[in-house]
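Here the structure comes first, spelled out in structure tokens, and everything after it is commentary.
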Amino acid sequence: MFQASCIHPSPEALLVPGVLVCSFLPSLGCSVVLVRTWGEVMPRAHANLSCPCPESQPTTSDETVVAGGTVVLKCQVEDPDDSSLQWSNPAQQTLYFGEKRALRDNRIQLERSTPNELTISISDVVLSDEGEYTCSIFTMPVRTAKALVTVLGIPQKPQIFGHEQPIDEEKIARLTCRSSGSKPAAQLRWKKGNKELTDEGTEVVEDPNGKTFTVSSRVEFRVTKEDNEAEVTCTVDHESLQNSERSTTQKLQVHYKPTAKIEPHPQYPREGEKLQLQCDGQGNPIPQEFLWEKEGSDAPLQLSSDSVLIFPFLNKSDSGTYVCTATSSMGSVVAKYNLDVSDLSQLPTPHVHSTPAPPPGPSQPISHASMATASSFTPAPIQDASPVPSTSSTYHAVIGGVVAVIVFLLLSLLIVLGHYLIRHKGMCIRHGETVTSRHRQNTAEVMCE
């Protein structure tokens, strides 16, 4: 007779004198030992009476699935020994026995049922579906195989905190990124623009469901005005995302001191024209108060939110240095502009003939003499940022002078002619009166000589 007992698992079949070790059942947790009681060698076929054959052991595999996905559980056996296969969940509830549904859960479907295979699928997997699933074959004894199903929790889109209020330049920005719902705990990483940021620490907290985790990461860095509108990105890395990224980007708002410069309009003003000085203030926030002053003057010229100083009619007394002080909540900045108004009275008087002539009409061309006079004019050198008169402006001034002289001569001629006519008429009247008093009977003598 033979006796059977269990010892520790053996990695391979060993034939020891007096002992036959059946080591092909590691899933059972032990090996079956047959002790020989007589000297004859036991036929190999007789060992099958006490040692289960490997062909009768079911096989499965562990599976990993993302929450919301579908997992497929396959159980196979080479020799079913006229028995049926069965799947059970971690709560030991039978899901399928052969091709027969045992648990009413529409998420669980039969994929394949043969004497050698039982395959089922579970769709819309949730975290509670995680655990060990058992495949059994009801032989003598009952043999089982385990399949561990791991459900991955998908991390939520990360959120960035700490950017809600503007940050003053040269101050420290402290930002926190947080993502919940990951299983296992996710990893967070930071970028500012294209530059990687090193976090100051990561915190992992278990969610109330006891299965997933919330991960928080913090970064700190000093900001400058170049960081205004810079994009800071927090990205979550997790195996459930399957090589895709889930990230959040926020723009920084950095407050910095203003800058200012003065722009003249027109760029080259001249005496008698209108001039606007524009104080162009930049910064975050943008300057909202502008103070205009002239160096050497006691009283300010203008204090308002208007950045423009207007000269309706430039004259030489407007020359000087003008100062604009632009102010925001981050401070003030000063810009200066040197204005030197050209004295148009220094322009040369063009040569004009003494013979009066009618002024040229709008469609009449300018005479060669006038053009030559205008072309020979050279403006006096101007210092610093003073306006410089253009050549076309010189031409217009010369032509205006010519026209003024001609008009003056015409008016003088008219005055002289009028005076002569009035005087001549008065002599005729007096002479007529004299003749008439002496010779009233002869009216023919009343005449003008």
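The values are calculated or read from the model by the stated rules, or taken from the named source; none is laboratory data. Bear in mind the structure is a predicted one, so any value in this text is a computation, not a measurement. We place every Cβ from the backbone using ideal geometry, glycine too, and count neighbours over all the protein chains shown. Please note that ligands, DNA and RNA were not included when accessible areas were found on the heavy atoms of the full protein model with its side chains. Shrake-Rupley method; radii C 1.70, N 1.55, O 1.52, S 1.80 Å.
Measuring nothing but how far apart in sequence close Cα pairs (under 8 Å, 6+ apart) lie, relative to its length, the range 179-317 scores a relative contact order of 17 percent.
Loop-located GluC sites (Glu not before Pro) across the range 267-297 with a Cβ neighbour count of 14 or fewer within 10 Å are 295, with loop assigned by DSSP. Residues whose amide H comes within less than 5 Å of that of residue 246, counting only those at least five positions distant or on another chain, are 236 (H built at 1.01 Å from N in the peptide plane). Full extension of the chain segment joining residue 299 with residue 249 gains 12.9 nm, where the gain is 0.36 nm per residue of separation less the Cα-Cα distance. For the range 54-119, trypsin sites (Lys or Arg not before Pro) meeting the loop criterion (DSSP other than H, G, I, E, B) and having at most 16 other Cβ atoms within 10 Å: 104, 107. Note on residue 237 and residue 127: their simple-model spin labels are 2.3 nm apart, each label 7 Å out from Cα toward Cβ. Counting only aspartates and glutamates at least 8 places from residue 316 when in the same chain, those with an alpha carbon closer than 12 Å to its own are 271, 273, 340, 343. In order along the range 56-72, the Karplus-derived 3J(HN,Hα) couplings, from 6.51 cos²θ - 1.76 cosθ + 1.60 at θ = phi - 60°, round to 9, 8, x, 10, 9, 9, 6, 10, 10, 9, 7, 3, x, x, 10, 10, 10 Hz, and Gly and Pro are given as x. Taking a sphere under 10 Å around the Cβ of residue 255 and counting the other residues whose Cβ falls inside, with K and R at +1 and D and E at -1, yields a net charge of +1. Packing, taken as the mean count of other beta carbons within 10 Å per residue, orders the peptides 197-208, 176-187, 60-71 from highest to lowest as 176-187, 60-71, 197-208. Take every Cα pair under 8 Å whose residues are at least 6 apart in sequence, average their separation, divide by the length of the range 109-228, and the relative contact order is 20 percent.
Can you tell me the length gained on complete extension of the stretch residue 332 to residue 105, counting 0.36 nm per residue apart and subtracting the Cα distance?
Gain in length upon complete extension: 74.5 nm.
In this rough spin-label picture, where each label sits 7 Å from Cα along the Cβ direction, the residue 221-residue 174 distance is 1.8 nm.
The portion of the accessible surface of the range 159-252 made up by carbon and sulfur, rounded to a whole percent, is 41 (1.4 Å probe; DNA, RNA and ligands excluded).
Listed values for the range 187-193 are Karplus-derived 3J(HN,Hα) couplings in whole Hz (6.51 cos²θ - 1.76 cosθ + 1.60, θ = phi - 60°), namely 10, 10, 9, 10, 9, 10, x, and x replaces Gly and Pro.
For the pair residue 408 and residue 209 in one chain, pulling the backbone fully straight at 0.36 nm per residue adds 61.3 nm over the alpha carbon distance.
Solvent-accessible area per residue in the range 159-252 equals 58 Å², computed with a 1.4 angstrom probe and all protein chains kept. Solvent-accessible area of the range 257-339 (1.4 angstrom probe, protein heavy atoms only): carbon and sulfur portion equals 50 percent.
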